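Nothing in this text is a laboratory measurement; each read-out follows from the coordinates by a stated rule. Everything numeric here is computed off the predicted structure, so don't read it as measured data. Note: ideal-geometry Cβ built from the backbone for every residue, glycine included; neighbour counts use all protein chains shown.
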Amino acid sequence: MKHVKHFFYTVNAALKAGGGVRSVVMKVWNVYRVSGLSGVKRRFSFFMSLTRSDGASGFFRNDYQKWILQYDTIDDDVRECIRERIAGLARLPKISVIMPVYEPPLELLDEAIWSVRNQLYPEWELCIADDASKNPQVKALLEKHASQDERIKVEYRRVNGHISESSNSALALATGEYVALLDHDDLLSEHALFWVAEEIQKYPNVALIYSDEDKITETGKRYEPYFKCEFNPELFLAQNMISHLGVYRRDLIEEIGGFRSEFNGSQDYDLALRVISKVAPEQIVHIPRVLYHWRAISGSTALANSEKSYASVAGRKAVSAYLKSKGVTAEVMPAPEVLSHNRVRFALPDPLPIVSIIIPTRDRVDLLAKCVNSILGKSTYPHFEIIIIDNGSVESETIDFLKGLPKDQVKILRDELPFNFSRLNNLGVREARGEIICLMNNDMEVIEGGWLEEMVAFAARQEIGCVGNRLWYPDGTIQHAGVVLGIGGVASHSHKGYYKGHAGYFSRAVLHQSYSAVTAACLVVRRQVFEQVGGLDEELAVAFNDVDFCLRVRDAGYRNLWTPYADMIHHESASRGLDDNPVKRARFKKEVDIMHARWGEALQNDPAYSPNLTLWHDDFSLAWPPRIELLTAPSNTSVEELAQR
């Protein structure tokens, strides 16, 4: 506050980044109730440290250029450290980098080749197939590099066969144990193959390795990093999250027949899908580092997916072929909000299972009526029952509403004990007839008739545990798009406060995907799974019982899933109220302590989230610092000094 201009700029930046006044006030309140005034001060000081004092340069919590200088810039000392680690590897697997080439910009091709030649890891070969380029300077450049480094092999195709045939020609030159894919105008980080080799040593049976990536302009400016999660099967069906840098065991590629020309444009997506169908999940390894720089030039999908719309069509074709090969009945279509990505609509089980919708409530008939009437009036799924657990309602309007509900579809259970969300839901499940359980808050409002069809289609799959959906605040901003562990100390909802029309972090707010947890405000799960893990933990009366339940389901071997195709409005906590008295605050702190004691490090290492992204906010902004081993310049080196270097 000593710097008034900075203070008011920071407040303005906080309101913009935090989703508006309401959202920021709620965040401040949540910090206060857990950590007190000192916690609020710490968070505000941290936020101010991420804004420029002059106010004119802009808010830079997501300033990737600054982040690169601080955490992804290596110097000669780091290079020497990497070389020493390479010397200590038990074995040095050869990595064949395959590069199909056709009429590239010469300068960019030269830079791409040099990015391989400059690798700190020495055991590589570069296998190039020129797909009958007409420019004679392409051949001259390739011959120059091949003459200077014997690890470079080149084949000159006589007839243009397009990307898949050219890639197969390059693959035929490969002798390495592993194959890395590189486009003719992209770049590898100089330490890329070193990290790949380290992962191969850690996991000798690894079949597929992929890394984070960013984009790079023709002038060499890096931007738009995609910090990926661990392998996420449902997200992978929606988008090619492996992409760059993709490294595959060569014998597997050869076993499946290499690249297929009928999938040109998404041939690497098709390749990855077929490799994944052959391996166990633990044979897929993610390196949470930017090892690949995707060139953004005219005509490249790095610039815009619309540049190559045929690639999206080929991608959906590849996903359909993959699902068919697995015996899965599903329809693959463009994702409604991002047409270049995919939506997979799985077939419903036949016969349709009964769904039991469990709704705990206490008075606030205005909310309950809206919830129940929207279920009864809008749901198109034919086989469901509603079980309302009335937790001591006293208002005559509530009693009258409950009495007037259709008894053939709605069952009322009375419970007079103190509010305990877990106990009430467990009671409801014991009285339920359905094979599928839907836990639902009394402040939900159905807005799309097919919500149950969407959620049941996922929940019925044997590998899936809990299914959550996209929830909106009444003002049209996202309330729930999956739960990320660690944010705020225990967990928080991703993309909270994003407005409709915003696709979120690399479209993750509009695509189905696995998450470690989803909210029980609307959660669908098979009864068998619910009972297998013992239901909700009644020691967690109010907070985090859904996160704890989802983590136990995950530990039992199931994947939890979130879908954006079952939208609802959530009038959050409107009937229960806020934790605004000493008793409630003490209870909340106890439940936080339980979660920390029970789950510990798991809360800091969410596989559905990147260690390069923050645990301070729920907007996928950058982590300062990232939660990975740093081989960068010393942390006490200033950004200005790094920039000068």
For this session: Calculate the length of the line joining the C-alpha centroid of region 516-568 to that of region 354-429, in whole Å.
Result: 20
For this session: Using Cα extents along the principal axes in Å as the read-out, say which of (i) 92, 76, 51; (ii) 89, 66, 43; (iii) 90, 56, 45 was calculated from these coordinates.
Result: (ii)
For this session: Kindly write out, for region 519-531 in residue order, the coupling ³J(HN,Hα) from the Karplus curve 6.51 cos²θ - 1.76 cosθ + 1.60 (θ = phi - 60°), rounded to whole Hz, with x marking Gly and Pro.
Result: 6, 7, 4, 8, 9, 10, 8, 5, 4, 4, 6, 4, 6
Exercise. On the first, second and third principal axes, largest extent first, how far apart are the outermost C-alpha atoms of region 448-585 in Å?
Worked result: 41, 39, 28
Exercise. In terms of Cα to Cα distance under 29 Å, which lysines are near enough to K144, apart from those fewer than 8 places away along the same chain?
Worked result: K94, K134, K153, K215, K221
Seminar exercise, completed: Calc'd 3J(HN,Hα), region 251-264, phi into Karplus 6.51 cos²θ - 1.76 cosθ + 1.60 (θ = phi - 60°), Hz, glycine/Pro = x, comes to 5, 6, 4, 5, 4, 8, x, x, 7, 10, 5, 5, 10, 3
Problem set entry | Residues W562, W624 arranged by fewest to most Cβ contacts within 10 Å | W624, W562
Problem set entry | Prolate/oblate/rounded call for region 313-430, Cα gyration tensor, a/c under 1.5 rounded | prolate
For this session: Using amide H atoms built 1.01 Å from N in the peptide plane, name the residues 5+ places from I152, or on other chains, whose amide H lies under 5 Å from its own.
Result: L126
Problem set entry | From phi via Karplus (6.51, -1.76, 1.60), per-residue ³J(HN,Hα) for region 265-274 in Hz, x at Gly/Pro | x, 10, 5, 6, 5, 4, 4, 4, 4, 6
For this session: Tell me which residues come under 5 Å, amide H to amide H, from T563 once H is placed; ignore anything under 5 positions away on its chain.
Result: G468, N469, R470
Exercise. Expressed as a whole number of Å, what is the distance separating the alpha-carbon centroids of region 459-505 and region 84-111?
Worked result: 39
Problem set entry | region 500-552: radius of gyration and largest Cα-Cα distance (Dmax), Å | 13.8, 39
Exercise. Leaving out same-chain residues fewer than 8 places away, which lysines sit with a Cα under 17 Å from that of K278?
Worked result: K324, K326
For this session: Would you please calculate the Kirkwood hydrodynamic radius of region 355-604 over all C-alpha pairs and express it in Å, rounded to one decimal?
Result: 18.2
Exercise. So who's got an amide H within less than 5 Å of the one on A623, skipping anything under 5 residues away but keeping other chains? H placed 1.01 Å off N, in plane.
Worked result: L613, T614
Problem set entry | Inverse of mean 1/r across different Cα pairs in region 76-304, Kirkwood, Å | 17.8
Exercise. Taking the Cα atoms only, what angle lies between the long axis of helix 136-148 and the longest principal axis of the chain, rounded to 10 degrees?
Worked result: 80
Exercise. Reported to two decimal places, what Rg/Rh ratio describes region 109-228 when computed on Cα atoms with Rh from the Kirkwood expression?
Worked result: 0.96
